[in-house]
Amino acid sequence: MQKKDFKNKKGGFTIIETMISVGIFLIVVMVGMESLLNASFVHNKSQDSRSIMDSLNFIMDEMSRNIRTGYDYGCNENTQTNCLDGVTEFSFIPSSSTNNSRVYYIFNDGNLYKSSVDLVDLNSIPLNPDGVTFTNVSGFWVTGVQPGDNLQPFVTIRLVGKINSHGSTTDFSLQTSVSQRQLDNVTQ
């Protein structure tokens, strides 16, 4: 059996080899962290956009429900006006009203308001969430409100705008149509 002499053999890594290894390892970790942070940013932005879209869908559902059960539709202070070209103000009497007071939905300065008067005032409630602005394409298209036309009142609601979130802008467009539901206890 031969005896090995380990005293003269140099083993292990040199300081330069160790520094190069650590440097490569740090570069890989930094690239991985950047990817992880980017994925986290994209996830947060996606969650915020989803939350805002849920809010916009809720607004659309709330308006649809109220308009569907309301009556005496109009597009400005004077009810029974031509609304076929799209208007920024829509009013009706809700079925829950005891004194025939009107509810107004008004697009003004990139916001959508719900009001009890035909203009945006201190009592007006903005419906759109923070970071959402509506464009001038948003509005109401209404048929069946002209006296004697014998048409079922029909409202198309279009919400078009931009979502500003995390320094980026996303366009959106929502549209729904609602026909009036006649209630037995409502007299017109």
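No value in this document is a laboratory result; all are computed from the given coordinates. Bear in mind the structure is a predicted one, so any value in this text is a computation, not a measurement. All Cβ positions, glycine included, derive from the backbone under ideal geometry; neighbour counts span all protein chains shown.
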What 222 nm value per residue comes from the helices of the chain, counting each DSSP H run with n ≥ 4 as -39,500 (n - 2.57) and dividing by all residues, nearest 500 deg cm²/dmol? -11000 deg cm²/dmol
Longest segment of the chain lacking trypsin sites (Lys or Arg not before Pro) that sit in a DSSP loop with at most 16 other Cβ atoms within 10 Å: 11-180
Tell me, which longest segment in the chain has none of the chymotrypsin sites (Phe, Trp or Tyr not before Pro) that fall in DSSP loops with at most 14 further Cβ atoms within 10 Å? 14-188
For Cα Rg over 2.2 N^0.38 Å the list reads (1) 1.01; (2) 1.94; (3) 1.07; the calculated value is entry (2)
FRET efficiency estimate (nearest 0.05) - Cβ-Cβ, THR98 to HIS166, R0 35 angstrom: 0.15
Residue (of PHE134, ILE15, THR88) at the positive-pole extreme of the chain, dipole from beta-carbon charges: ILE15
Using alpha-carbon coordinates, inclination of helix 15-69 to the longest axis of the chain, degrees: 10
Could you calculate the contour length gain from ASN123 to ILE20, that is, 0.36 nm times the residue separation minus the distance between their Cα atoms, to one decimal place in nm? 30.3 nm
